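Asker: For reference, the structure I am asking about is given below.
The values are calculated or read from the model by the stated rules, or taken from the named source; none is laboratory data. Since the model is a prediction, treat every value here as computed from it, not as a measurement. Positions of Cβ are backbone-derived with ideal geometry, glycine not excepted, and every protein chain shown enters the neighbour counts. With ligands, DNA and RNA removed, areas are computed over all heavy atoms of the protein, side chains included. Shrake-Rupley method; radii C 1.70, N 1.55, O 1.52, S 1.80 Å.
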Amino acid sequence: MPELAYVNGRIMPIEEAKVPINDRGYHFADAVYEFISGYHGRLFAFEAHLDRLERSLRALSFPPISRDSIREAIEKIFQAAALDNGGVYLQMLLGALVAGLHAGLVYNTWPSMNGNFGPDNPFFYH
């Protein structure tokens, strides 16, 4: 079976999958990754993987998405691939840049460093 992709609710051959170049995943790595192994036609520790995925999505302030819809998409592509042993590599991207949003993004997303932006700060790049 060829490699498959599930993009925006559609299963397709992986070579046909496209993500817009202005997706934040490309620009800022706003993405969550998860790999779920499958053995004997069943996904291993599926609920534990979904738990970790939900924690990761919340940590990166992704918009809410139902666990059931994620579970359904993963099961759908795993079944379509018809693999006894394999896995699902999940990449969830935040989405396209909104015009003008990126201009102040760096300043709005860094943690507070009490105004210390000099060489003594561990986040200062020379």
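Asker: List the chymotrypsin sites (Phe, Trp or Tyr not before Pro) within the range 1-85 that fall in a DSSP loop (any state other than H, G, I, E or B) and whose Cβ has at most 13 other Cβ atoms within 10 Å. Write out the running numbers ahead of the final one.
Answerer: Working: sites: Y6, Y26, F28, Y33, F35, Y39, F44, F46, F78; in loops: F44.
Here the chymotrypsin sites (Phe, Trp or Tyr not before Pro) that fit, given the DSSP loop and packing criteria, are F44.
Asker: Right, another one. How big is the charge dipole of the range 1-65 about its Cα centre, in debye rounded to the nearest 20, if each Lys and Arg gets +1 on its Cβ and each Asp and Glu gets -1 on its Cβ?
Answerer: 140
Asker: So, with a 1.4 angstrom probe, what is the percent of accessible area on the range 44-98 that is carbon and sulfur?
Answerer: So the carbon and sulfur contribution to the accessible surface is 55 percent.
Asker: While we're on this one: Using a 1.4 Å probe and counting only protein heavy atoms, arrange S66, S56 so the residue with the most accessible area comes first.
Answerer: S66, S56
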